1. When residues of the stretch 37-71 are filtered for being among the polar types (S, T, N, Q) and over 19 Å from Met89 (Cα atoms), how many remain?
2. Any idea which residue in the stretch 166-221 is farthest from Cys111 (Cα to Cα), counting only those that are in contact with a helix residue (DSSP H, G or I) (Cβ under 7 Å, 6 or more places away or on another chain), surrounded by 20 or more Cβ atoms within 10 Å (Cβ to Cβ) and of a type in the set (Gly, Ala, Ser)?
3. Would you check if Ala240 is touching a Gly at 6+ places or on another chain (Cβ under 6 Å), in contact (Cβ under 8 Å) with a residue 24 or more places away in the chain and closer than 25 Å to Glu197 by Cβ?
4. Just to be sure I understand the filter: pairs with C-beta atoms under 7 Å, separated by 6 or more residues or on different chains, first member in the stretch 15-36 and within 20 Å of Ser261 (Cα to Cα) and free of Cβ contacts under 8 Å to residues at least 60 places away in the same chain, second member outside any loop (DSSP other than H, G, I, E, B) and aliphatic (A, V, I, L, M). Which pairs pass?
5. What's the number of the condition Ala143 fails, among (1) open to solvent by less than 50 Å² (accessible area, probe 1.4 Å); (2) part of a loop (DSSP other than H, G, I, E, B)?
6. Any chance you could count how many residues in the stretch 41-69 are over 20 Å from Trp24 (Cα atoms) and in a strand (DSSP E or B)?
7. Among the residues of the stretch 283-300, how many are open to solvent by 20 Å² or more (accessible area, probe 1.4 Å) and either acidic (Asp, Glu) or touching a strand residue (DSSP E or B) at 6+ places or on another chain (Cβ under 8 Å) (or both)?
8. Looking only at the stretch 70-87, how many residues end up being open to solvent by less than 10 Å² (accessible area, probe 1.4 Å) and either of a type in the set (Phe, Trp, Tyr) or part of a helix (DSSP H, G or I) (or both)?
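The values are calculated or read from the model by the stated rules, or taken from the named source; none is laboratory data. Please read these numbers as outputs of a predicted model, since none were measured by experiment. Cβ coordinates were reconstructed from backbone atoms using ideal geometry, including for glycine residues, and neighbour counts include every protein chain displayed. Side chains included, ligands, DNA and RNA excluded: accessible areas come from the protein's heavy atoms. Shrake-Rupley method; radii C 1.70, N 1.55, O 1.52, S 1.80 Å.
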Amino acid sequence: MPAPFSTAASLYDRVRRVIPPIEWPAFTDDIEAILALKRERNAVILAHNYQTPEIFHCVADIVGDSLALARKAMTVDADVMVLAGVHFMAETAKLLNPGKTVLIPDLGAGCSLADSITPSDVRLMRQRYPGVPVVTYVNTSAAVKAESDICCTSGNALAIVESLGAPRVIMLPDEYLAKNIAAQTKVEIIAWKGHCEVHERFSPADIGELRAAHPGVTVLAHPECPPEVVAAADFAGSTAAMSDYVARHRPARVVLMTECSMSDNVAVEHPDVDFVRPCNLCPHMKRITLANIRTALEQNSHVVTIDPHVAERARRAVERMLAV
């Protein structure tokens, strides 16, 4: 997190291992402007772990995975919140801070998982499985959250499922996350067919090739990956859990089976670890840039709004998650 009166020049030391010197001048004007605008507008920037290093390490005030951002959003003392991430994250921040202005720099920053399910789909699942509680991944719209009983993230999904005390649970919309959680619990999991377009592309063959090319490499996988990928990895967990694993175990060489920028951001904190980078980019996360963060603060764009009736029900599902 940048200090309150940092300058672009002073911040470069933090990211010099992942941003070449020749690229840095292209970022400095926007960084200086954003730091000034945050002070002028009493604004904070929340950045997901998949944001690029010049955002994550140089202008963000709060960083983390979906769960961390949801929790920390509730403690923000600011008038304006800019969500450097995708749209469902901005909606979640608004749900938890209804009195604050929440901005998303690009309305096109969506999510394949969020797009894979609609509120009517959830209602149909309830009709098909009456009385079975619905656990909805945070990677969904507020309208879908409003139809669920409780939300979860990849970091707390197992705890959420088991907290319900039910023999069967509907878990939406990520099929692979649901299957990976089902392997860890006696609760019967009823899954949906949604997939993350980044994580579904990883395969066990990828891991085999990485191990052959980099003997001794430690493989960490996100639970949105297919179950056979998770089974072939050395560890599986949320982006926060992967970052914590690197911090605790300090593997000599590691590969993170997740979105590209995650490795860059963790590498900044661990210069002694060699990061192998298989690159699957999230096109939605990469729609967020320094330039459109600056524009969002200058022009108050784009303001996140949620229908009050939807927001009330969706907020209840998110708050139930945070209470577990």
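1. Within the stretch 37-71, residues that are among the polar types (S, T, N, Q) and over 19 Å from Met89 (Cα atoms) number 1.
2. Ala221
3. yes
4. Thr28/Ala8
5. Only one criterion is unmet by Ala143, namely (2).
6. Selection size over the stretch 41-69: 8.
7. Within the stretch 283-300, the subset open to solvent by 20 Å² or more (accessible area, probe 1.4 Å) is 283-284, 286-287, 289, 291-292, 294-295, 298-300.
Applying the additional criterion that residues be either acidic (Asp, Glu) or touching a strand residue (DSSP E or B) at 6+ places or on another chain (Cβ under 8 Å) (or both) yields 298, 300.
Residues in the stretch 283-300 being open to solvent by 20 Å² or more (accessible area, probe 1.4 Å) and either acidic (Asp, Glu) or touching a strand residue (DSSP E or B) at 6+ places or on another chain (Cβ under 8 Å) (or both): 2 in total.
8. 2
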